[in-house]
Amino acid sequence: MPVTAKIPLAGIPPEELPELLGSLPPYRSVQIGKWLSRGVRSFSDMTDLPESLRAELEKRFILRSGSVSARLEDDDGTVKLQISLSDGLRIETVLLTDGEGRRTACLSTQAGCPAGCVFCKTGSLGFRRNLTAAEMVEQFLRLRDIEGDIANIVIMGMGEPLLNLAEVRRALGIFTNPRAFALSARRITLSTCGIIDGIRELTDAGPGIRLALSLTTGDEKLREELMPLGRSNPLALLREALRSHQRKWGQRITLEAVLLGGINTRDADAEAIAAFAEGLDVAVNLIPWNPVEGMTFRGMALREPTGRELRGINAGLERRGIKVTRRFRRGRGISGACGQLGLMEPGAGGSGMDHELSPLVR
Ligand code: SF4
């Protein structure tokens, strides 16, 4: 857990502020809530509060608990921030800008990840701890500091969000709260490696955000090898959980397939994905694996799919009536692309990001 004793206000939903602030009149918590949603960086910037109150707040609370320890910008406009948490662990968060200038924040939910997917560098580094809601909101604020408005959030950074669902739901509550960031739930996508209990909880309790499943392959045995948590989350039950979510929230589901050259790019793989998709409204997002040095499967080095393999599985899916999208390859130059986000230990490295030092996530 973070070692700071002061409470980080970034993780407090507006409705909890009055109780936390104690004896202050209700209008004060409304004022403070507004400052928080504007991303104010210092209590002294809360200019409509008396100075004595600002000083009091400063004693009890902090606005942000981490600090930006490095920033990298790719030629395509992707920005990756490395954030040092209050206990010294470092995580990464990414700002993506599409061709029309819309900005998307890609947030991390854990330092490291316990899921251990073999193609993901985050998984290979193991699990350190869950992030708090405040640490997730802080990533959003720090990305917003860079460029202003952010249109979308994707929860696809480091970690498996459904293994930290309580804090993730708390952060989602703040993002979608009309008195905080007021983002529509439809503009938020959570990507999971397929934790059935978590999907069910999200279905029951909301919010109705979009779901993306990191499917990778519809071949159950291969999937269990590539994604060890598949063993306790079988495909048939997973599909049923997604179907229930879709029935309740009516959102199209994205099936993500990280394509590994020579492993999951045959026509049989297209067939297996199509079989999994049956009865669901989905789009399949094909994600050519982003190279991370030293990663192996069955004793062989992983490799990117060839252009031919890519075209082959794409055509195989389309022939079976599946809508296919390709993830834009952004951020590769700064290890900010899918599968490349990094975790650094306290003291490791120094200032400045080294591409090779920080490769990792989905
Ligand atoms: S792909 Fe996602 S769930 Fe799998 S190890 Fe990486 S971060 Fe964890």
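Quick rundown of the values:
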{"read-out": "Dmax and Rg, reported as Rg then Dmax, of the stretch 57-176 (C-alpha, Å)", "value": "14.2, 46"}
{"read-out": "Alpha-carbon Rg/Rh ratio, for the stretch 27-101, with Rh computed the Kirkwood way", "value": "1.11"}
{"read-out": "Cβ-based exposure ranking for I146, I91, I273, in which fewest neighbours within 10 Å come first", "value": "I146, I273, I91"}
{"read-out": "Inter-label distance for R129 and D75, nm, one decimal - labels placed 7 Å from Cα along Cα-to-Cβ", "value": "4.0 nm"}
{"read-out": "Cα-centred dipole magnitude for the chain, charges only on beta-carbon of K, R (+1) and D, E (-1), debye, nearest 20", "value": "520 debye"}
{"read-out": "FRET efficiency for D197 and K59, using Cβ-Cβ distance with R0 set to 35 Å, rounded to 0.05", "value": "0.30"}
{"read-out": "The chain: relative contact order in percent, alpha carbon pairs under 8 Å with at least 6 residues between", "value": "17 percent"}
{"read-out": "Which of S44, L21, F61, positive extreme of dipole for the stretch 7-62 (C-beta unit charges)", "value": "S44"}
{"read-out": "Theoretical gain in end-to-end length, E147 to E293 [0.36 nm per residue, Cα-Cα removed]", "value": "49.4 nm"}
{"read-out": "Within-9-Å neighbourhood charge of R210 [Cβ basis; K, R +1; D, E -1]", "value": "+3"}
{"read-out": "Unit charges on C-beta of K, R, D, E only; dipole of the stretch 77-150, Debye", "value": "280 debye"}
{"read-out": "FRET efficiency estimate (nearest 0.05) - Cβ-Cβ, V68 to E318, R0 25 angstrom", "value": "0.05"}
{"read-out": "Cβ-defined net charge surrounding D267, 11 Å radius [Lys, Arg +1; Asp, Glu -1]", "value": "0"}
{"read-out": "Convex hull (Cα only) mean projected area of the chain, reported in nm² to one decimal", "value": "18.0 nm²"}
{"read-out": "Mean ellipticity per residue at 222 nm, deg cm²/dmol - from DSSP H runs of n ≥ 4 across the chain, formula -39500 (n - 2.57)", "value": "-9500 deg cm²/dmol"}
{"read-out": "Spacing of the two label points (7 Å from each Cα toward its C-beta) at S244 and S44, in nm", "value": "5.4 nm"}
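Read the figures in this text as sums done on the coordinates, not as results from a lab. Note that the structure is a prediction, hence the values are computed from the model and not measured. So basically every Cβ, Gly included, is an ideal-geometry build from the backbone, and we count neighbours across all protein chains shown.
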